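A.B. asks: Handing you this structure, nothing more for now.
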Amino acid sequence: MLDLFREVVRRIESGERDLIREINEFYLHNSPVHRYIGLELLDIRRGYAKFKFRYKREITRIGGMIHGGIIASVIDQVGGIASMTAHESPNQVTMELKINFLRPLTKDNEPYIAEAEVLRSGSRTIVTIVKIYDAENKISAVGLGTWFRLD
């Protein structure tokens, strides 16, 4: 798995555009959470990932807003993927997530964009910021996460 992921990072750096389609298919078939939320990769490079997702009734709370737990899961998924590209390994776990919910995500302001950028990549920990935007490009949530390398 590690060699496969290093190959993915190499292909990201070479600018292969088919890679985005391949990564989307991989997560669609291998990550139930990713599939359930409906995350779609838009852009990826070393230390950066950008995904889109849409309103679905199954991921809302009473009142028709996207559930805060779903937003936390999106931040964890997208931040984790950006972190993986920074250190070329999928062998990591989330150590900490801090989230500020700023505006509700509703059917009226979709689609939503989740954008993650690695702030620091050390030998064992990676710190990433994730911002979720609505269709009007207003920030709806901001997450700061730390991931720990297992290898």
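Bear in mind that the values in this text are calculations on the coordinates, not laboratory data. Computed from a predicted structure; not experimentally measured. Heads up, the Cβs are rebuilt from the backbone with ideal geometry, glycines too, and the neighbour counts pull from every protein chain shown.
A.B. asks: Counting Lys +1, Arg +1, Asp -1, Glu -1, what net charge surrounds GLU117 among other residues with beta carbon under 13 Å of its beta carbon?
C.D. replies: +3
A.B. asks: Would you please put 112-125, 90-103 in order of how densely packed they are, using the mean number of other Cβ atoms within 10 angstrom per residue and starting with the highest?
C.D. replies: Descending packing order for the listed peptides: 112-125, 90-103.
A.B. asks: What is the distance in Å between the Cα centroid of the range 41-62 and that of the range 87-138?
C.D. replies: With the range 41-62 and the range 87-138 each reduced to a Cα centre, they are spaced 10 Å.
A.B. asks: Next up: If I fit a long axis through the Cα atoms of helix 68-87 and take the longest principal axis of the Cα atoms of the chain, what angle between them do I get, 0 to 90°, rounded to 10?
C.D. replies: 20 degrees
A.B. asks: Would you kindly derive the ³J(HN,Hα) couplings of the range 107-117 from the backbone phi angles with the Karplus curve 6.51 cos²θ - 1.76 cosθ + 1.60 (θ = phi - 60°), listing them in order in whole Hz, with x for Gly and Pro?
C.D. replies: Computed from phi, the couplings for the range 107-117 are 4, 6, 10, 9, x, 10, 10, 10, 10, 10, 9 Hz.
A.B. asks: Which angle from 0 to 90°, rounded to the nearest 10, does the C-alpha axis of helix 2-13 make with the longest principal axis of the chain?
C.D. replies: Helix 2-13 and the main axis of the chain meet at about 70 degrees.
A.B. asks: Give me the angle, in degrees from 0 to 90, between the Cα long axis of helix 18-30 and the longest principal axis of the Cα atoms of the chain, rounded to the nearest 10.
C.D. replies: 70 degrees
A.B. asks: I've got another one for you. Largest first, please: the extent of the C-alpha atoms of the chain along each principal axis, to the nearest Å.
C.D. replies: Its Cα atoms span 45, 30, 25 Å along the three principal axes.
A.B. asks: Still on this model: Report, in debye and to the nearest 20, how large the dipole of the chain comes out about its Cα centre when Lys and Arg carry +1 and Asp and Glu carry -1 on their Cβ.
C.D. replies: Once rounded to the nearest 20, the dipole reads 340 debye.
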